[in-house]
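The values are calculated or read from the model by the stated rules, or taken from the named source; none is laboratory data. Small disclaimer: the values here were computed from a predicted structure and weren't measured. Reconstructed Cβ throughout: ideal geometry from the backbone, glycine too, with neighbour counts over all protein chains shown. We work out accessible area using only protein heavy atoms, side chains counted, and drop any ligands, DNA or RNA first. Shrake-Rupley method; radii C 1.70, N 1.55, O 1.52, S 1.80 Å.
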Amino acid sequence: MRTGRPKQPLMLTAEQRQRLESLAHRSRSQPLLARRARVVLACAEGLDNKTAAKKLRCSMGMVGKWRSRFLNAGLEGLYDEPRPGSPRKINDEQIEKIIIQTLESTPRGQTHWSTRELAKATGLSRSTISRIWRAFGLQPHRVETFKLSPDPLLIDKVRDIVGLYMNPPDRALVVCVDEKSQIQALDRTQPMLPMRPGQVERRTHDYKRNGTTSLFAALELKTNRVIGQLHRRLRSQEFRKFLDTIEANVPADIDVHIVMDNYGTHKTAMIRNWFAKRHRFHAHFTPTYGSWINLVERWFAEITNKRIRRGIFRSVKELETAIREYIEVHNEDPKPFVWTRTADEILSSIARFAQRTSPARHS
């Protein structure tokens, strides 16, 4: 009977492990090569093919192939073998020049290279430039945003909140609280054309603004049930009313841990006094620019995609009715979000990113 246990143990030298770790986590590694490195690292942990495949979400055949290739050829075995066909017409020096030009220069009067512009500057074809960019994962036309938290208590706050998510205290309720402010009641300038076979739904690009409202939401960690409240203004008074609503909707004999951000209305004297008089309520603040750690933000994405963004509202009242209806339907059959990343994994990821963007690195 066959088993997933390897016939030959996979042993790594310190140099091989360091090289594999670099290939597996370096942002500029080719995705396929990084995946192969992760396969070998998983096998080096003593995992059999079946367990490694399940961990990495790939086939057992793939694990077996790259385990065998590494055993036979070492690190070189992870790279693609030369394929038959006509020899390439550009050499390594030309490819290196293209990569350096893409990374370290820009065309005159522009912010980034295009295949057309770079082909014109180098005398190569657009398809050649495109193949080189694909091979090295270069996408000058794309840009992503980021924001590292400057919070001096970042580590403590991440460990505190992730600890609540992954190991909530006994006989206590964890509630994620935030506001979705200035939700616009938008109506299109012309009637919508509904979806039909062969044609997606169509609507005008412009719209009419019919006012705004703000949604206060509290998401219960264990059940994913949402307590919601709508207000036209976003002040401490409204947040105080919402806290009263939370208090009225949770059992009176258990502690309540509230995760919220550092918005000014959450830290006024009125709110501090509210918490001081209720010792069973405990406030946990997310790091500055760290709203991604608040689970209610994930629920805000759900309501935005499923009800608000494509909705047509001729008044604020229609918008508020739609939001209340969505919350009611959601609470009939809530599906809890599951937090999977540990605090150590998050902090390690932030550390790697911070190292890449360090001013000293670019000086």
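Overview of values
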read-out	value
Spin-label pair residue 127/residue 235, simplified geometry with 7 Å Cα→Cβ offset, distance in nm	6.7
Label point distance in nm, residue 25-residue 141, each placed 7 Å from Cα along Cα→Cβ	3.3
Between helix 31-44 and the chain: long-axis angle, C-alpha atoms, 0 to 90°, nearest 10	90
The chain - mean residue ellipticity at 222 nm from DSSP helices (-39,500 (n - 2.57) per run, n ≥ 4, rounded to 500)	-13000 deg cm²/dmol
The chain - percent relative contact order, Cα under 8 Å, separation 6 or more	14
When each of 222/335; 180/335; 241/267; 306/335; 180/306 is checked by Cα-Cα distance, pairs over 18 Å	180/335
Most to least accessible of 340, 321 (protein chains only, probe 1.4 Å)	340, 321
At R0 = 35 Å, FRET efficiency that the Cβ-Cβ distance of residue 292 and residue 116 yields, to 0.05	0.40
Calculated FRET efficiency for the pair residue 348/residue 208, C-beta based, R₀ 45 Å, to 0.05	0.40
Alpha-carbon centroids, the stretch 117-135 and the stretch 288-322: separation in whole Å	43
Solvent-accessible area of residue 328 with every protein chain in place, 1.4 Å probe, in Å² to the nearest 10	120
Exposure rank, largest accessible area first [339, 113; 1.4 Å]	339, 113
Label-point gap, in nm, between residue 76 and residue 94 - each point 7 angstrom along Cα→Cβ	2.6
Residue-span extension gain [residue 267 to residue 54] - 0.36 nm each, minus C-alpha spacing	72.1 nm
Accessible area (Å², 1.4 Å probe, nearest 10) - residue 141	130
FRET efficiency for residue 86 and residue 188, using Cβ-Cβ distance with R0 set to 51 Å, rounded to 0.05	0.40
